[in-house]
1. Identify all residues within the stretch 49-66 that are exposed (fewer than 10 other Cβ atoms within 10 Å of the Cβ) and of a type outside the set (A, V, I, L, M, F, W, C); write none if there are none.
2. For the stretch 1-27, which positions are among the polar types (S, T, N, Q) and free of Cβ contacts under 8 Å to residues at least 24 places away in the same chain?
3. With respect to residue 53, is the statement that it is aromatic (Phe, Trp, Tyr) and modelled with pLDDT under 95 true?
4. Among helices (runs of 4 or more DSSP H) lying entirely in the chain, which contain 3 or more residues that are of a type in the set (Phe, Trp, Tyr) and out of contact with any Gly (no Cβ under 7 Å at 6 or more places or on another chain)?
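The values are calculated or read from the model by the stated rules, or taken from the named source; none is laboratory data. Note that the structure is a prediction, hence the values are computed from the model and not measured. Because the Cβ atoms are built from the backbone with ideal geometry, glycine has one as well, and the counts that use them run over all protein chains shown.
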Amino acid sequence: MKPEELLVKRHNIIENFLKLISIHNDVLEETEKFESTINDETLEAITDLLSFFHEFPDIKERFFLYRTKK
């Protein structure tokens, strides 16, 4: 994968994670902050979490319910 493709992929992973945890205000700005500081290990863990929630949507839904009860 080309370096610019890796940057786009990294950006999309972080943006999707922030949206998953219901960050809606200034998502682009928050994504850019993460991009400049996040390491590969953390990015891989976020990727795994996104994949997990995609594979188990019932657990994702339980997470959303948990967040709304706070």
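1. Of everything in the stretch 49-66, those that are exposed (fewer than 10 other Cβ atoms within 10 Å of the Cβ) and of a type outside the set (A, V, I, L, M, F, W, C) turn out to be 55, 57, 58, 66.
2. Selection gives 12, 25.
3. no
4. Details: elements: 3-20, 27-37, 40-55, 57-68.
Because the criterion is at least 3 residues that are of a type in the set (Phe, Trp, Tyr) and out of contact with any Gly (no Cβ under 7 Å at 6 or more places or on another chain), the helices (runs of 4 or more DSSP H) in the chain that meet it are 57-68.
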